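These notes concern the structure reproduced below.
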Amino acid sequence: MNCLPVEATIELGALWKWYDAEPELRCAVFTGAGTKAFCAGMDLKQRLDIIKTNDVAFEYPQGQFAGMSNRTGRKPIIVACNGHAHGSGGFEAILNADVIFASPNATFRLPEVLRGVSALAGALPRCMMLFGNHRTMDLILTGRTMSVEEARDCGLVKEIVPQEKLLERTLDYADEIAALSPDSVIISRLAAREAWETGISRATMRGQELWAEAMLRSKNAAEGLAAYRDKRDPKWFPSHL
């Protein structure tokens, strides 16, 4: 079921930092092993051991579960959800993904109330923003399962794709993003996410303060405009933002 131990979360946190820092990488795809589950949550047996022993040796990365659930980052992560995405390591992580494709057997769930814990690494406020008050309360107070059709209808899942074509479709979509100006992708993503975190007015002001000049002075902005003028395909440069 692809349960997530603490060690895997630490490794994934380091992986996403490396991805953000590597200029030749432009769009990541994240999926689980097999066809049953994307991730069934964190390793609850390990969590119980940590509680019993009061072991604080493990320190979660800033991005929290899977290095994703509270990640801001610079570059997009596209999820190919190949099955159940439950709990902190699963549903909480992909709630913070940029785009989600899912197989027909995918389900989504926050079962923490059934285990005496709570999803406190970003899932609760993100559910409220994505689904509204009543659907969120229904999900988080009962621990019920959300079907992939419901997830698509409420805007969480972009497309439902047959399992055998899921990764190919997700990679093709990532290729579309990777073919665009890396500066524009980074800045557009950060500016949009700023609104998610702080509100529209603050995000607009921050976008102009932090990124407008850097974008307009970038080599990619000049290349994109020149290519449009010359009626040719642009040749993008690695981003140095």
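The values are calculated or read from the model by the stated rules, or taken from the named source; none is laboratory data. Everything numeric in this text was worked out from a predicted model, so none of it was measured. For neighbour counting, all protein chains shown are included, and Cβ atoms are generated from backbone atoms with ideal geometry for every residue, glycine included.
Count of region 85-115 residues, restricted to those that are surrounded by fewer than 24 Cβ atoms within 10 Å (Cβ to Cβ) and either charged (D, E, K, R) or at pLDDT below 95 (or both), is 7. Checking each residue in region 181-209 for being surrounded by 15 or more Cβ atoms within 10 Å (Cβ to Cβ) and without any contact (Cβ under 8 Å) to a residue 40 or more places away in the chain picks out SER188, ALA191, GLU194, ALA195, ALA203, ARG206, GLY207. Scanning region 23-40 finds one or more residues that are modelled with pLDDT under 90 and not small (Gly, Ala, Ser). For region 1-14, taking the residues that are surrounded by fewer than 17 Cβ atoms within 10 Å (Cβ to Cβ) and in a helix (DSSP H, G or I), the one that is modelled with the lowest pLDDT is identified as GLU7. If the condition is being in contact (Cβ under 8 Å) with a residue 24 or more places away in the chain and on the phi > 0 side of the Ramachandran plot, then region 131-156 contributes GLY143, GLY155.
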